[in-house]
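What follows is a short report on a single structure.
The values are calculated or read from the model by the stated rules, or taken from the named source; none is laboratory data. Remember, it's a predicted structure, so these values are computed and weren't measured experimentally. Here the Cβ is made from the backbone with ideal geometry for all residues, glycine too, and neighbour counts use every protein chain on show. Just the protein is used for accessible areas: all its heavy atoms, side chains included, with ligands, DNA and RNA removed. Shrake-Rupley method; radii C 1.70, N 1.55, O 1.52, S 1.80 Å.
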Amino acid sequence: MESFPVINMENLNGEKRAITMDKINDVCENWGFFELVNHGIPPEFMDTVERMTKGHYRKCMDQRFRELVASKGLENVQTEVHDLDWESTFHLKHLPLSNISQVPDLEDDYRKVMKEFAVKLEKLAEELMDLLCENLGLEKGYLKKAFHGSNGPNFGTKVSNYPPCPKPELIKGLRAHTDAGGVILLFQDDKVSGLQLLKDGQWVDVPPMRHSIVVNLGDQIEVITNGKYKSVLHRVVAQTDGNRMSIASFYNPGSDAAIYPAPALMESKAEEASKAAYPKFVFEDYMKLYAALKFQAKEPRFQAMKAMESSPNLEPIATA
């Protein structure tokens, strides 16, 4: 198995730009996942985010998780569990409206740091989307416009901890799924592993790497690129030792954004255009379907949206 792809963003600024862009295109086509280094978010700031996140878990969430495990008898399960995950989570919304001030139990310094982290990640996500546009031959800003809807993108963060699990062969940290949205940026634990993606029929570890950001592509990128780039099944395998931190931020379309294959990518492949493999839909409608079918294959979701495809007047996205 070839080594897990790592993109050094510093190489975009010099003579290695062309080869780095080719590598980004290759990993988007063949992996759907890659790690970014030298991405512009200061290492010392990431250390602060990690320290505060782990401190918050110990102070506010560890005992709650233990009580939940005890109440469901999960430590003594004898058969595989299919309906829940071995994870402790909370969610932050950033765009279009932030909820950080309302989330309980967060210390003010932690709120401030997570707000600042979100701003840095939003900028990085939009920078990555323009790199994808460049590789796809789309106008700069096309993906950002496609995601905009009437109120801008949805952007939020899922903060997760995966505590030590006594029966990892029976309970997944997080069951296999593709992500529904657009571009996902993950700051993961650099010591405790567990994240895996499915490539060529085999589960491949996403290696922990200090100060890297793991990027993966969601279902909406697959639709807009007409299948050139694909979302990829991934999961978290629970570990018997160590508590794995995961801070996943999702840059997604606005709720009322109309999602469909970019016309430029349809026109360049007339045969595929005639098949119209991917549907047109409103992102919020897709999310309602996804909520019920997250841990099932994505193809039936696309088919179901295609069956609902009766919305006229989905105009091409202006990129002026």
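Filter the stretch 1-20 down to the residues that are in contact with a helix residue (DSSP H, G or I) (Cβ under 6 Å, 6 or more places away or on another chain) and in a helix (DSSP H, G or I) and list them by number.
Those that are in contact with a helix residue (DSSP H, G or I) (Cβ under 6 Å, 6 or more places away or on another chain) and in a helix (DSSP H, G or I): ASN11, LEU12, THR20.
Which residues, counting only those in the stretch 53-107, are in contact with a Phe, Trp or Tyr (Cβ under 7 Å, 6 or more places away or on another chain) and among the charged types (D, E, K, R)?
Applying the first criterion (in contact with a Phe, Trp or Tyr (Cβ under 7 Å, 6 or more places away or on another chain)) to the stretch 53-107 yields 56, 86-88, 94-95, 103.
Across the stretch 53-107, the qualifying residue is only GLU87.
Going through LEU186, LEU198 one at a time, which residue ends up being at pLDDT 95 or above, in contact with a His (Cβ under 9 Å, 6 or more places away or on another chain), hydrophobic (A, V, I, L, M, F, W, C) and not in a loop (DSSP other than H, G, I, E, B)?
On the way: LEU186 fails: in contact with a His (Cβ under 9 Å, 6 or more places away or on another chain).
From the options LEU186, LEU198, the qualifying one is LEU198.
Does at least one position in the stretch 122-134 carry a residue that is within 29 Å of TYR57 (Cα to Cα), touching a His at 6+ places or on another chain (Cβ under 8 Å) and part of a helix (DSSP H, G or I)?
Quick first cut of the stretch 122-134, residues within 29 Å of TYR57 (Cα to Cα) only: 122-125.
Still in the running and touching a His at 6+ places or on another chain (Cβ under 8 Å): 122, 124.
Within this subset, residues satisfying the condition of being part of a helix (DSSP H, G or I) are 122, 124.
The answer is yes, given that some residue of the stretch 122-134 is within 29 Å of TYR57 (Cα to Cα), touching a His at 6+ places or on another chain (Cβ under 8 Å) and part of a helix (DSSP H, G or I).
Quick check on this structure: which one of ASP83, ASP105, ASP130 is in contact with a Cys (Cβ under 8 Å, 6 or more places away or on another chain) and free of Cβ contacts under 8 Å to residues at least 60 places away in the same chain?
Details: ASP83 fails: in contact with a Cys (Cβ under 8 Å, 6 or more places away or on another chain); ASP130 fails: in contact with a Cys (Cβ under 8 Å, 6 or more places away or on another chain).
After applying the criteria, what remains is ASP105.
So which residues in the stretch 205-229 are surrounded by 19 or more Cβ atoms within 10 Å (Cβ to Cβ) and not in a helix (DSSP H, G or I)? Quick ask: steps written out before the conclusion?
Start the filter on the stretch 205-229 by keeping residues that are surrounded by 19 or more Cβ atoms within 10 Å (Cβ to Cβ), which leaves 206, 212-226, 228-229.
Within the stretch 205-229, VAL206, SER212, ILE213, VAL214, VAL215, ASN216, LEU217, GLY218, THR225, ASN226, LYS228, TYR229 qualify.
Among the residues that make up the stretch 157-177, is at least one of them part of a loop (DSSP other than H, G, I, E, B) and under 18 Å from the mean Cα position of the chain (by Cα)? Write out each step before concluding.
Of the stretch 157-177, the ones part of a loop (DSSP other than H, G, I, E, B) are 163-173.
Those still in the list that are under 18 Å from the mean Cα position of the chain (by Cα) too: 173.
For the stretch 157-177, residues part of a loop (DSSP other than H, G, I, E, B) and under 18 Å from the mean Cα position of the chain (by Cα): present.
Restricting to the stretch 53-76, and then to whatever is among the polar types (S, T, N, Q) and at pLDDT 90 or above, can you tell me which residue is surrounded by the fewest Cβ atoms within 10 Å (Cβ to Cβ)?
In this case the residue turns out to be SER71.
Output yes when any residue across the stretch 172-190 is β-branched (Val, Ile, Thr), touching a helix residue (DSSP H, G or I) at 6+ places or on another chain (Cβ under 6 Å), crowded, with 21+ Cβ neighbours inside 10 Å and in contact (Cβ under 8 Å) with a residue 60 or more places away in the chain, and no when none is. Full working, then the answer.
We begin by selecting, within the stretch 172-190, every residue β-branched (Val, Ile, Thr); these are 178, 183-184.
Checking which are touching a helix residue (DSSP H, G or I) at 6+ places or on another chain (Cβ under 6 Å) leaves us with 178, 183.
If we keep only those that are crowded, with 21+ Cβ neighbours inside 10 Å too, we end up with 178, 183.
Narrowing the set further to residues that are in contact (Cβ under 8 Å) with a residue 60 or more places away in the chain leaves 178, 183.
Looking through the stretch 172-190, at least one residue is β-branched (Val, Ile, Thr), touching a helix residue (DSSP H, G or I) at 6+ places or on another chain (Cβ under 6 Å), crowded, with 21+ Cβ neighbours inside 10 Å and in contact (Cβ under 8 Å) with a residue 60 or more places away in the chain.
For the stretch 77-111, what are the residues that are assigned to a helix (DSSP H, G or I) and open to solvent by 70 Å² or more (accessible area, probe 1.4 Å)? Before the answer, list the steps.
To start, the set of residues in the stretch 77-111 that are assigned to a helix (DSSP H, G or I) comprises 108-111.
Passing the criteria: ASP108, ASP109.
Kindly check whether there is at least one residue in the stretch 37-48 that is without any contact (Cβ under 8 Å) to a residue 40 or more places away in the chain, assigned to a loop (DSSP other than H, G, I, E, B) and in contact with a helix residue (DSSP H, G or I) (Cβ under 8 Å, 6 or more places away or on another chain).
The answer is yes; a qualifying residue exists.
Examine the stretch 143-151 for a residue that is under 17 Å from the mean Cα position of the chain (by Cα) and crowded, with 23+ Cβ neighbours inside 10 Å, and state whether such a residue exists. Outline the logic, then answer.
Within the stretch 143-151, the first condition is being under 17 Å from the mean Cα position of the chain (by Cα), and the residues that meet it are 143-144, 147.
Checking the rest, the ones that are also crowded, with 23+ Cβ neighbours inside 10 Å come to 143, 147.
Looking for residues that are under 17 Å from the mean Cα position of the chain (by Cα) and crowded, with 23+ Cβ neighbours inside 10 Å, one finds at least one in the stretch 143-151, hence yes.
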